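A short worksheet on the structure shown next.
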Amino acid sequence: MGGFFGSVKKSDAVFDVFLGTDYHSHLGTKRGGMAAYDKTLGLQREIHNIENAPFRTKFERTLADMHGNAAIGCISDTHPQPLLMVSRFGKYAICTVGVINNAEELIRGVLSRGGYFDAMTGSQVNTNELVAALINSRDSYVEGIRYAQEVIDGTASILILTDRGTIIAARDKMGRLPVQLGKSGEGFCVSFENFAYKKLGYSDLRELGPAEIVEITAEGVTQLSRPRKEMRICAFLWTYYGYPTSSYEGVNVEVMRCRNGEILAARDAAHGLPEIDYVGGVPDSGTPHAIGYANKSRVPFARPYIKYTPTWSRSFMPVNQSERNKVAKMKLIPVHELIEGKRLLLVDDSIVRGTQLRETVEFLYSHGAKAVHMRSACPPIMYGCKYLNFSRSSGDMELITRRTMAELEGDDAINHLEEYSSSQTARGKAMRKAICDKFAFETLDFQSIEGLTEAIGLEPCKLCTYCWTGRE
């Protein structure tokens, strides 16, 4: 995944961008970067690896050296960014968020026209450099961004810091990711997460529409290209990605998650709630779904285990896989009084491969749980995501749902995905029972597409649900 933040002010903007970018740390774990423009210093840029330390600690020293009334910052789960580029229409810094599925095809096209790229380790091309090459192939930023939006198969939201001290921001063509604008008495900002700028004294201005392009100065925001009407914003923003205090298209994440849990509990109640002592959430994003479930079902909410994160906040930090697994287990601290002899119902934000969930359930049984029921706050994931980094994999068969379906019915299972998604069909019941048998769940169910859509509150046609339905 990834996120970005930018600001143009009448005064120095670097500290705002440092803090605003840090507030996007939940969206990425590999690289962090900042760039600024100052009339005397010109464009400045710094990038750090943040796999073993948070963004804030890596960039604190940057604040003494980087200056400018315009700046951008990004958290990236992919390639280093922002990059500094030179084009016929000026020098600029660029960062992007998204996925380019046809990168190899686009790279060959640039090379065939006499372009070139700096290869990274492993001979990879930085996707930000590819986007810049597409933009540079046209006569202006606007024409170049429009061209990139059209030819990219996937998703690309773009932030550009120009050598005029302005920021050009573009939302991806289908609006799968948010791009939000804020304002203050000192200037304007652009952000993936709107809570990031509210904490810095900005207030909401508006959200960009799909494919919309704007230019931001300290005096205002100018629309350079109008938005498209069609939108497919990622529904996972609410169930998993988004920070609880964020809102997208006017819908708050925490409120949606609690409402989603209520809808899930109401459906369970209609078919008969299992006998349970406590409802708990799989931390952290599963917790508000569980609170909603507990409130609706009137079963007490509890936290039977706590994640210990002060020193090992990221379980994948060790290079060795066995060490990673050990650290992941070390993070789970049991509350014995809430586990031993208890019948627990856990709500997770999603069930993708099931590896960590298996370990969690084994952990609970090892500490004396009498029964563990599992609920997923979203429908069964049937496809790896084509547009973002969530549930992306080398193949759909890595998904626990698809593996289980193939075990039950072989290659023909692909022809019955809708039946497997439903909890009311014979195939759907068989898949759920098979997963229960694998993981020692007492019962298992998933939120429905209809329930999830109701919880978000937007028209279904405005939501991207590809990973559940396969429909674009």
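The values are calculated or read from the model by the stated rules, or taken from the named source; none is laboratory data. These figures come from a predicted structure and were not determined experimentally. Neighbour counts run over all protein chains shown; Cβ positions are idealised from the backbone, glycine included.
At-a-glance table
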| item | result |
| --- | --- |
| Considering residues of segment 30-55 that are modelled with pLDDT under 95 and out of contact with any strand residue (DSSP E or B) (no Cβ under 8 Å at 6 or more places or on another chain) only, the residue nearest to Asp16 (Cα to Cα) | Pro54 |
| Residue among Leu417, Leu408, Leu357 that is under 22 Å from the mean Cα position of the chain (by Cα) and assigned to a helix (DSSP H, G or I) | Leu357 |
| Test result for Ala369, crowded, with 19+ Cβ neighbours inside 10 Å, more than 24 Å from the chain's Cα centre (by Cα) and modelled with pLDDT under 95 | no |
| Val142 vs. criteria assigned by TED's automatic domain parsing to the domain that holds Val14 and assigned to a helix (DSSP H, G or I) | yes |
| Pair list, Cβ under 8 Å, 6 or more apart: segment 46-59 residue in contact (Cβ under 8 Å) with a residue 12 or more places away in the chain and crowded, with 16+ Cβ neighbours inside 10 Å, other residue assigned to a helix (DSSP H, G or I) and among the small types (Gly, Ala, Ser) | Ile50/Ser25; Phe55/Ser25 |
| Positions within segment 93-132 being of a type in the set (Gly, Ala, Ser), part of a helix (DSSP H, G or I) and farther than 18 Å from Lys30 by Cα, in sequence order | Ala103, Gly109, Ser112, Ser123, Ala132 |
| Residues within segment 268-288 that are hydrophobic (A, V, I, L, M, F, W, C) and in a helix (DSSP H, G or I), tallied | 2 |
| Test: Gly98 is in contact with a His (Cβ under 7 Å, 6 or more places away or on another chain), assigned by TED's automatic domain parsing to the domain that holds Gly175 and closer than 26 Å to Ser123 by Cα | no |
| Subset tally (residues that are among the basic types (Lys, Arg) and modelled with pLDDT of 95 or more) for segment 291-315 | 3 |
| Residue match in segment 194-210 (condition: crowded, with 18+ Cβ neighbours inside 10 Å, at pLDDT 95 or above, assigned to a strand (DSSP E or B) and in the same structural domain as Leu346 (by TED's automatic domain parsing)) | no |
| Subset of segment 241-291 (residues that are buried (at least 22 other Cβ atoms within 10 Å of the Cβ) and in contact with a Ser or Thr (Cβ under 6 Å, 6 or more places away or on another chain)) | Val253, Ala265, Gly281 |
| Qualifying residue in segment 427-441 (condition: in the same structural domain as Arg353 (by TED's automatic domain parsing), not in a helix (DSSP H, G or I) and not basic (Lys, Arg)) | yes |
| Verdict on Glu275 being more than 18 Å from the chain's Cα centre (by Cα), under 25 Å from Tyr387 (Cα atoms) and in contact (Cβ under 8 Å) with a residue 12 or more places away in the chain | no |
